[in-house]
1. Please verify whether segment B:223-235 includes one or more residues that are over 20 Å from residue B:94 (Cα atoms) and free of Cβ contacts under 8 Å to residues at least 60 places away in the same chain.
2. Every residue in segment B:281-305 that is of a type outside the set (A, V, I, L, M), within 7 Å of chain A (Cβ to nearest Cβ) and within 21 Å of the chain's Cα centre (by Cα), please.
3. Return the only residue of A:205, A:245, A:230 being in contact with a Gly (Cβ under 7 Å, 6 or more places away or on another chain), assigned to a helix (DSSP H, G or I) and at pLDDT 85 or above.
4. Sort through A:212, A:222 and tell me the only one that's within 14 Å of chain B (Cβ to nearest Cβ), under 12 Å from residue A:48 (Cβ atoms) and surrounded by 19 or more Cβ atoms within 10 Å (Cβ to Cβ).
5. Could you tell me which residue of segment B:285-297 is modelled with the highest pLDDT, considering only residues that are part of a helix (DSSP H, G or I) and closer than 14 Å to residue A:95 by Cβ?
6. Name the single residue that is farthest from residue A:140 (Cα to Cα) among those in segment A:1-38 being away from chain B (no Cβ under 14 Å) and hydroxyl-bearing (Ser, Thr, Tyr).
7. Can you find, within segment A:201-246, the residue that is farthest from the chain's Cα centre (by Cα) among those that are among the hydroxyl-bearing types (Ser, Thr, Tyr) and closer than 23 Å to residue A:121 by Cβ?
8. Can you name the residue in segment A:82-95 that is facing chain B (nearest Cβ under 10 Å) and surrounded by 15 or more Cβ atoms within 10 Å (Cβ to Cβ) and is also farthest from residue B:188 (Cα to Cα) among such residues?
Amino acid sequence: MSTVALGEQVLNGLIIGAFYALAALGLSIIFGVLKIVNFAHGELYMVGGFAYYVVAGALGLAPPLALIAAFVLLFLLGMAIEWLLIRPMHEGKVERPDEYAIMITFGLAILLQNLMLSVFGPWTRRPPALFRGRVEVGELVVSGDRLAAAALGGLLIALLVYLLRATLAGKAIRAVSQDRETAAVVGIDDRLVGMLAFGLGSALAGAAGALMGPVFLVYPTMGVIPVIKAYVVVVLGGLGSVPGAILGALLLGQVENLATVLIPDTTRAVAYKDAYGLVLLVLVLLLRPQGLFGERTRSL
Amino acid sequence: MRRHRAALAGAFLLVVLLVLPLAGLGAYWTYILAIGFYYAILSSSWSLLVGYVGRISFAHAAFAGLGAYTSALASTGLGWPIALTIPLGVVVAALVGLVIGRLCLDLHGAYLGLTTIAFSEILRIAITAEYDVTRGSLGLAAPLLFTGDSRLPHYYTLLAALLAALGLMWLVLRSRIGLFFNAIREDEEAAASVGVRVARWKLVAFTLSSALAGLAGGLYAHVLQLVAPSMMSIGEMGFILSMAVIGGFHNIFYAALGGILLEVVLEALRQIGEWRLTLFGLVVIVILRYSPNGVFGTLARGLGLERGPR
């Protein structure tokens, strides 16, 4: 294979990796603070895609505004979900909280998917892109909408990492992730942080859906495959670890793109594209459940 | 006394189901009820795992698909009689269940959920991709279970399979094994410390549950005459979960009734289109949050067929 073709695949992998990181980070923050895997994450991503589609497409607002709208809307939705469904679990109002958390988020996924199916129908829609045209990097040619979306996603991730490190709210989130009770003892409102974390996680999923909507189209089941990728990413990086999620995402992006190129039978390689990550997921879960970068004590 | 009344209610329901198609229930609704029995086998065998052993698997629809594809491929490809291919599907589902269970039952809670989703999607992707063998997303035609005009043999076969599945699970649950399951659900380490062979019984539950899903899938293939990858989708899994949760996933009989109920309601509400599935999602969430015993668990308690909080 030529260097240009290889470079193209690596760049594609990097772009896809940025998308995966955005979706996976939300999952990781929610797990870190609330100790639950959000099985409705893909549907929050999908709702974000539809929010962007409605605001930018149907209402005709500028795409950057639609992106912000999707972020804010999903932030509010996430906080409401935490308040209504997740908080009772931490207040001892629910029997068998572990099983409850899995089933309630899965139930939420069913609800959101069918709700959007009822409202918008099963058809795919293409919302307006953030940026049109092509970008040439040396000999490489990349489509502009992908690059712009990935760059914005990267920016959002950088902003998030900064907020988690530098602001009081970010420190509170990290403190509750480490130890909920001790955090409460030193005066952190763990309920507020729980709500904030679910809101933030949902908003990140929504932003990912809004950014990827113009590239991969918007439809009610659009979240199913990306969220499975996000699971792969967080498990690769260790559940609850933010740097782990970013590294895991970049790794998965590369694995998928290179595996597709390196497997000789092209049609088959493409047909199985979504399965590589899953095989990786199963392998990591069986051989190193704490993830490649996670600590053993953090595993369930 | 309570036992008596519960048994009486069950016997009454059974008689109604036996007589209904003969008492003027049209061919269409007979068919719908038969499909309801398919879902009842799935939801009750899923609740065996969730309600009794405390393990949540998202691969149940995939195991049904495994049974269906095995039976369809063996009957059309190899020309075997259906009487052989359906049991073959059961065996394949049980064996794959055994292997998957061996690999991942040590994982806890959400990790098991993630692994089973991954397995289920890998299987669906592989079946969709291997077009030469499976005809991909077009689906594979399967011969009819009983040829002839009457739908009645299908109805009674599925009903008999449901009763056999429920009977088998009931026998297992009322034996010592049922107690082991309960002990594992309550506290795995405590159970192990008093000598319960935790790994073995978890594996038994997972394999039995998978085998019954394979049975349901095999029968379904030859009633529907078509097997498609969509029967293994996450959406279909959500449907099975909804049935078990709405019926009451702490009891195999309630979960089975949930399967029949939802299939019938689904057909009855056909004119509201996709909104009925939205409604199911909402009901699932409300039940999980406020009434985790499900519709039939709550009803049984209200009628005094079952004791209060366990």
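1. Yes, the conditions are met somewhere in segment B:223-235.
2. Within segment B:281-305, B:281, B:292 meet the criteria.
3. Result: A:205 is the single residue among A:205, A:245, A:230 that is in contact with a Gly (Cβ under 7 Å, 6 or more places away or on another chain), assigned to a helix (DSSP H, G or I) and at pLDDT 85 or above.
4. A:222
5. Checking each candidate, the answer is B:287.
6. It comes out as A:20.
7. A:219
8. Checking each candidate, the answer is A:85.
The values are calculated or read from the model by the stated rules, or taken from the named source; none is laboratory data. Computed from a predicted model, the values in this text were never measured in an experiment. With ideal geometry, Cβ positions are generated from the backbone for all residues, glycine too; neighbour counts draw on all protein chains shown.
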